[in-house]
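S.K.: Here's a structure for you.
Nothing in this text is a laboratory measurement; each read-out follows from the coordinates by a stated rule. Fair warning: this is a prediction, and the values are worked out from it, not measured in the lab. Glycine gets a Cβ as well: all are built from the backbone with ideal geometry, and neighbour counts include every protein chain shown.
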Amino acid sequence: MIERVRAVLVTRDHTMLVIRRTRPGVPEYWVLPGGGVEPTDESREAALHREIHEEIAGKADIIRLLHTMESDDERQLFYLARIATWSFDDRTGPEFSAEGRGEYALEEIPLTLAGIDGIDLKPEDIVHVLRGAIRAGSLGVEASL
């Protein structure tokens, strides 16, 4: 089974970092930073730290596992994390130089219902989780920022 890790990266300004994907012939959409767990990763959390470093040259403090999605062949783990510094210009992930992958743009969106609803965030399951957590005030990162 393929495992992927992704992060809801919350900034000090109570925004969330997302990557806008633009690909030929595909409507624009957004994803959370992250990627596949590799055999050399010591843990899922180590994989997430590696992916955050590769994708946004950032360092995050993982707070907790927020949500898990599973299908027959893939498991995605979504973590809640704080991030203070990043540099999209210094990203190193191999996907950024691969032909035909389209464009990647890092954006900050408000961590609010309006912010979440203003983009086409994929997958849809994480949108429902975030909307519920925002409504319930259960993200619990504000006090730790």
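S.K.: Dipole size in debye (nearest 20) for region 2-144 around its Cα centre, Lys and Arg Cβ +1, Asp and Glu Cβ -1?
M.R.: 420 debye
S.K.: Between Tyr29, Ile62, Gly137, whose Cα lies farthest towards the positive end of the dipole of region 2-144 when Lys and Arg beta carbons carry +1 and Asp and Glu beta carbons carry -1, centred on the Cα centre?
M.R.: Gly137
S.K.: Hey, fewest Cβ within 10 Å first, where do Phe88, Phe78 land in order?
M.R.: Fewest-to-most Cβ neighbours within 10 Å comes out as Phe88, Phe78.
S.K.: For the peptides 118-125, 19-26, what is the packing order when you average, over each peptide's residues, the other Cβ atoms within 10 Å and list the highest mean first?
M.R.: 118-125, 19-26
S.K.: In vacuum, with every alpha carbon of the chain counted as one equal point scatterer, what does the Debye formula give for log10 I(q)/I(0) at q = 0.12 Å⁻¹? Two decimals, please.
M.R.: The calculated log intensity ratios at q = 0.12 Å⁻¹ are -0.46.
S.K.: Count neighbours as other Cβ atoms within 10 Å of each site's Cβ, and list the GluC sites (Glu not before Pro) in region 18-76 that are DSSP loop with at most 14 such neighbours.
M.R.: Counting only loop positions with at most 14 other Cβ atoms within 10 Å, the GluC sites (Glu not before Pro) in region 18-76 are Glu42.
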